[in-house]
1. Please specify each residue of region B:118-138 satisfying the condition of being in contact with a Cys (Cβ under 8 Å, 6 or more places away or on another chain) and small (Gly, Ala, Ser).
2. For region A:29-58, enumerate the residues that are within 7 Å of chain B (Cβ to nearest Cβ) and either in contact (Cβ under 8 Å) with a residue 12 or more places away in the chain or in a helix (DSSP H, G or I) (or both).
3. Limited to region A:57-95, what total is found for residues that are more than 19 Å from A:LYS38 (Cβ to Cβ) and among the hydrophobic types (A, V, I, L, M, F, W, C)?
4. Sort through B:GLY139, B:GLY171, B:GLY159, B:GLY177 and tell me the only one that's surrounded by fewer than 20 Cβ atoms within 10 Å (Cβ to Cβ) and at pLDDT 95 or above.
5. When region B:244-271 is examined, which residues are found to be part of a loop (DSSP other than H, G, I, E, B), in contact with a Lys or Arg (Cβ under 8 Å, 6 or more places away or on another chain) and either among the β-branched types (Val, Ile, Thr) or under 30 Å from B:VAL160 (Cβ atoms) (or both)?
6. Please pick out the residue among B:SER319, B:SER278 that is within 27 Å of B:GLY347 (Cβ to Cβ) and part of a loop (DSSP other than H, G, I, E, B).
7. In region B:124-155, what residues are more than 14 Å from chain A (Cβ to nearest Cβ) and small (Gly, Ala, Ser)?
8. Please specify each residue of region A:59-90 satisfying the condition of being outside any helix (DSSP H, G or I) and either in contact with a Gly (Cβ under 9 Å, 6 or more places away or on another chain) or at the interface with chain B (Cβ under 10 Å from one of its Cβ atoms) (or both).
Amino acid sequence: MLKFKTAIDAAAILLLMMTCARLLIAQSPELPSGPMQKKVTTACTECHESRIILQQRLSKATWTKEVDKMIKWGAVVDAQDRDAFIDYLSTHFSPDKPAMEMPRSALQKNKQ
Amino acid sequence: MLSRRDFLSEVLAAAAAAGSFGLLPAWSAEEPSIDIPGEEGMIVRSARFLDLEMPPGFFDSWITPMPHFFVRNHMHEPSTIDGETWRLSIGGEVEQPATVTLRDLDGMPPHTVTNTLECAGNGRAFQEPRVPGIQWQKGAVGNARFSGPRLRDVLERAGVKPTGRHVMFHGLDEVPGKVPPFIRSIPIEKALDQHTLIATKMNGTPLSKHHGFPARALVPGWIGAASCKWLGEIKVLEKEFDGNFMKPGYRMPNHPLTPGEPLNVDDSHVVTALNVKSVISSVWDQAKIKNKVQKVHGAAWAGEADIVKVEVSTDGGTSWEDAQLGREHAKYAWRLWNYLWKVSKSGRYTIMSRATDSRGRVQPMTADWNPSGYLYNAIDQIKVNVEI
């Protein structure tokens, strides 16, 4: 059973919960789980956040070009992992997947 | 000890109390939001690098307020620019290489150009087959008053040699990894045009960091990427610059491609002026409508040309009627438009907008496909259910 002495405790907990939720939104979402999740996250999010990947809906041929371009631009990908990167990205972010819902920036009045 | 129901009611009471005192952050499960100072209600396509899109509902203002103006960053914003110590160098094919300060720029005769700035990739998300890049829908575009000295006045200080045919801008974007620096060029004719500026102000206030403080190029009527932000260097060249953001980046095929066909860089040209285009800003896409008279409205622009007509269809493109153009207009600025739709029967309707410009260009039903989704300008459409 949960114990709260006053409504102030409850309010504090609520604000904490909302702050945590907000921080989670502000942080980039995680890439989908799978054997390459960690390696793709490390290689790509060094330079840009995950939403740039999460919003793409590309064929395998296009993902291949993108991965090779990013390697040329400094993404650290072991040569033996290149094909697995392409498989992971083209499986999770293919043209048949529904569009990603993007967050909004907060309204000015709420920041005062 | 509180029961679970008591706990919930206390939490709700606390929430109501906190809300009434304005303590709560603007967050709910339905409307997640991210705090980005100076940017209000924008669609966050990426928070790092920052890429913000204006939602369709904000197309209702002729001048886009700074907090609603789209942000397109290719890389990290410069972390250390200081207006006092910032210097802009002018060199290359000039008689006398020069360095100017922000104070120098602000001391030159100022000019103001009201310009619709649109990202070349705006609308990319609607291309089929799908193309890579930031998945902009309608709002990587805005209309603002940009002020600063003419680029030609600055170039005249250095004296352009007859061999100078192109003008290169080098942005101070912070480059991650081995990404090439943001450098692009424009032809000398456009650089010397009376409307091309080194802008230091936007809507009457100094540029914000997201929009290129302390100075950016303003190349009116052209894609946003031509108006290089955070200028650090201007160099006059004999030939068009051919680095990544000119080639293979920002190029269009010389001949229309079959959707899905790769671009042959040797048979392509760099993207310059914007297309003729209109968008519907009425926010009721997929909504139910109960009124017999509805205002359909939006904006239309055409780069270096003028909008002469916007037509609206409410029957999926079978018949078209002229919309009324807004009174406010300027050479490179969008025109707002509106149309009063009188509807007499319930049903599902497809509403479309189609712009025509002074060069006779008309928005097509389907945009030409290219592998980067540049200059998308298909007739805009929304669908609504009418229940009257």
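1. None; the set is empty.
2. Result: A:CYS47, A:GLU49, A:ARG51, A:ILE52, A:GLN55, A:GLN56, A:ARG57, A:LEU58.
3. 3
4. Going through B:GLY139, B:GLY171, B:GLY159, B:GLY177 in turn, the sole match is B:GLY159.
5. B:PHE245, B:MET246, B:TYR250, B:VAL271, listed by residue number.
6. After ruling out the rest, the residue left standing is B:SER319.
7. B:GLY142, B:ALA144, B:SER147, B:GLY148
8. Of everything in region A:59-90, those that are outside any helix (DSSP H, G or I) and either in contact with a Gly (Cβ under 9 Å, 6 or more places away or on another chain) or at the interface with chain B (Cβ under 10 Å from one of its Cβ atoms) (or both) turn out to be A:SER59, A:TRP73, A:GLY74, A:ALA75, A:VAL76.
The values are calculated or read from the model by the stated rules, or taken from the named source; none is laboratory data. What you are looking at is a predicted structure, and each value in this text was computed from that prediction instead of being measured. All Cβ positions, even for glycine, are placed from backbone atoms using ideal geometry, and neighbour counts span all protein chains on display.
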